[in-house]
Amino acid sequence: MSSLIEKAAQRLEQLRQAGVEVAPPESAAVVVPSIPTPAPAAVPAPAVKPAADDVERTSRSVRLDVESLAINGYVTPNAPRAAIADQFRVIKRPLLANATGKGAAPVPNGNLIMVTSAMPGEGKSFTAVNLAMSIAMELDYRVLLVDADVSRPSLRKTFNLAAGPGLLDLLIDDKLKMADVLLRTNVDKLSLLLSGTPHPRATELLASDAMTALIEELGQRYSDRIIIFDSPPLLLTTEARVLASHMGQILMVVHAEKTLRSQVLHALTTIDACPVKLLMLNQARGGDQDAYGYGYGYGYGYGQSASQAAESNTTVSAAT
């Protein structure tokens with residue numbers, strides 16, 4: 001058998017050398033090139049709305065000169081105990097209770113607080129900064145301070161910060177994100193949203209649908225935070241009244257011995273839509289001491305008329 005196989009092999013070799021093609025035997029293995037299987041198409045991940053903490057981590061950081069703020073009479077963390085700090089501890093308590101559902105009645109959007117006044121020069125911006133600073137010193141709350149007085153912004157000057165994008169830019173440019181305009185500060189738990197680039201139609205922007213949408217977004221995104229708006233005076237423009245309609249609480253600053261009673265009553269009638277309105281008496285003479293401080297009347301907003309509130313409001317004065 002082996003000789004037959006050897007002879008067949010020799011014959012095949014002779015045929016190949018002679019140029020004759022010889023088909024392979026049926027048992028020979030045929031190698032078929034493999035065709036790579038195409039990879040499945042990548043499915044884009046669904047867009048995820050950034051969490052509040054992510055927004056703050058990616059926002060720009062600024063440093064506030066807390067020493068200069070303290071010298072100018074502002075509440076600052078780690079400062080020696082001062083009368084003004086004690087006064088704002090009293091002022092913030094009912095505001096925080098309303099914001100967290102621990103007040104006399106549930107307050108929708110209670111974490112949205114607008115600080116305003118009837119007329120300019122009554123101390124609303126000074127009050128907004130001190131209130132934000134005081135709340136930031138709490139263990140359980142974070143604060144976002146918004147400069148919504150776009151016609152006469154003051155917070156950038158107060159904090160000695162460089163110009164940059166802010167609230168107005170966010171309303172105009174839909175490509176901007178909150179992280180692009182939010183400012184983290186070296187005061188723990190305090191963030192800022194400045195008024196931004198001046199615009200000839202700034203007051204109209206404040207009353208626009210874009211502002212309404214932004215307020216709603218802030219209220220939802222920062223549901224665990226207290227958001228304080230430094231707004232325009234109520235009797236100068238209508239923008240503050242539009243802003244007030246979205247707020248859960250309004251703190252109206254009244255300058256003692258300066259603001260007319262008629263102005264206070266008129267201002268209160270413009271913000272009837274807000275469920276809680278609190279009055280703070282600024283520059284009130286403290287008892288028998290020849291000093292000025294803050295008085296705080298709270299409770300108005302639960303079914304009283306403006307005139308009843310002005311007559312029955314109890315004011316607690318604190319001397320500085």
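Worth a mention:
- Here the average projected area of the convex hull drawn through the C-alpha atoms of the range 61-318 stands at 13.1 nm².
- For Ser134, neighbours were defined as the other residues whose beta-carbon sits under 14 Å from its Cβ, and their charges (Lys and Arg +1, Asp and Glu -1) total +2.
- Cross-link partners of Lys92 among lysines (Cα-Cα below 26 Å; sequence separation of 8 or more within a chain): Lys102, Lys124, Lys157, Lys189, Lys258, Lys277
- Gyration tensor verdict on the range 89-141 (Cα atoms; rounded if a/c is under 1.5, prolate if a/b is larger than b/c, oblate otherwise): oblate
- Arg285 versus Ser208: modelled label distance in nm, points set 7 Å from Cα along the beta carbon direction: 4.8 nm
- Stretching the chain fully between Asp188 and Arg60 yields a gain of 44.6 nm (0.36 nm per residue, less the alpha carbon separation).
- Formal net charge of residues neighbouring Ala148 (Cβ-Cβ distance under 10 Å; K, R +1; D, E -1): -4
- Averaged over residues, the count of other Cβ atoms within 10 Å places the peptides 154-161, 225-232, 66-73 in the sequence 225-232, 154-161, 66-73, highest first.
- Taking each residue as 0.36 nm, the span from Glu13 to Ala83 lengthens on full extension beyond its C-alpha to C-alpha distance by 13.9 nm.
- When restricted to Cα atoms, the range 95-223 yields an Rg and a Dmax of 14.7, 42 Å, respectively.
- Relative packing of peptides 162-168, 241-247 - highest average C-beta neighbours within 10 Å first: 241-247, 162-168
- Report note on the peptides 202-213, 86-97, 272-283: ranked by the mean count of other C-beta atoms within 10 Å, highest first, their order is 272-283, 86-97, 202-213.
- Counting charges near Gly103 (Lys, Arg +1; Asp, Glu -1) among other residues having Cβ under 15 Å from its Cβ returns a value of +4.
Readers should treat all values here as calculations from the given coordinates under stated rules, not as data from a laboratory. Note that the structure is predicted; figures quoted are calculated from it, not measured. Positions of Cβ are backbone-derived with ideal geometry, glycine not excepted, and every protein chain shown enters the neighbour counts.
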